[in-house]
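Okay, so here's the structure we're looking at.
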Ligand code: TIU
């Protein structure tokens, strides 16, 4: 991954401008997997209307293109488990009353299991060569992964955070990142929830109290800032 140019402009955000740099910035795309966005996957087995997450896709496709054009490193994450479920805590496996559990066979293969069709990222946002894909067994992208080491070794200090779901894996990851000293900007129309109320409050929680966990801005503001930057060379 490349280390971005230090002279990026600020993003118009709440609770205030998010100045890109002087460290590196990366676009983090959390769990845009078929298992959460398509019928028959993990999200639907939990009783959710997966159609609610579709609205994230068009703005995120645009943001991803803008990030790639600006030379901003892109990191994708996927929630899921080894085929033998040895990295799935029994408490997670037992949780709730899903119609099918993690590891069961669903319409898109075994639910939330690595290597299955449903576990992979939706076609519209498929990673390209050179983009990191972090497989994570938990909700947070730092737990039981090497994400912290990757960010540190590549000089990345800021994350443009996108993906699903706002109040679960996005929030958990932002809280983990914030405690580790990373600055997070959550892109409001590029994160999604099965619950409109959680989406609204989840975003408010990030930027409340002077930005207790980070910043929030829409994709237009982020893309404007990225478009005003020089194209980076890898
Ligand atoms: N259930 C729910 O809203 N989310 C998850 O289980 N995982 C993620 O958010 N990726």
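Listed by first and then second residue, the pairs linking a residue in the range 165-183 that is under 18 Å from residue 52 (Cα atoms) to a residue that is assigned to a loop (DSSP other than H, G, I, E, B) and within 13 Å of the ligand (Cβ to nearest atom), with Cβ atoms under 7 Å apart and 6 or more places separating them unless they lie on different chains, are 165/193; 165/194; 166/193; 167/193; 168/139; 169/31; 169/139. Applying the condition of being assigned to a loop (DSSP other than H, G, I, E, B) and more than 10 Å from the ligand (Cβ to nearest atom) to the range 17-34 and asking which residue is nearest to residue 163 (Cα to Cα) yields 20.
Scanning the range 95-108 turns up no residue that is touching a helix residue (DSSP H, G or I) at 6+ places or on another chain (Cβ under 7 Å), within 30 Å of residue 154 (Cα to Cα) and either more than 12 Å from the ligand (Cβ to nearest atom) or touching a residue at least 12 places away in the same chain (Cβ under 8 Å) (or both). Contact map, the range 47-67: first residue under 14 Å from residue 199 (Cβ atoms), second residue part of a helix (DSSP H, G or I) and at pLDDT 95 or above, Cβ cut-off under 7 Å, separation 6 or more or different chains; pairs are 53/36; 53/37; 54/37; 59/219.
Let's see how each residue does on (1) modelled with pLDDT of 95 or more; (2) under 15 Å from the mean Cα position of the chain (by Cα):
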site: 174; (1), (2): yes, yes
site: 178; (1), (2): yes, yes
site: 185; (1), (2): yes, yes
site: 189; (1), (2): yes, yes
site: 208; (1), (2): yes, no
site: 212; (1), (2): yes, no
site: 216; (1), (2): yes, yes
site: 227; (1), (2): no, no
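Filter the range 121-132 for residues that are within 14 Å of the chain's Cα centre (by Cα) and assigned to a loop (DSSP other than H, G, I, E, B); which is nearest to the ligand (Cβ to nearest atom)? Out of the qualifying residues, it is 122.
Considering (1) modelled with pLDDT under 95; (2) under 30 Å from residue 221 (Cα atoms), the lone condition that residue 141 does not fulfil carries the number (1). Restricted to the range 146-163, and to residues there that are without any contact (Cβ under 8 Å) to a residue 60 or more places away in the chain and farther than 19 Å from residue 213 by Cα, the residue that is farthest from the chain's Cα centre (by Cα) is 153. Among the conditions (1) crowded, with 19+ Cβ neighbours inside 10 Å; (2) more than 16 Å from the ligand (Cβ to nearest atom), the only one that residue 88 does not satisfy is (2).
The values are calculated or read from the model by the stated rules, or taken from the named source; none is laboratory data. Quick caveat, the model's predicted, so the values are computed rather than measured. Note: ideal-geometry Cβ built from the backbone for every residue, glycine included; neighbour counts use all protein chains shown.
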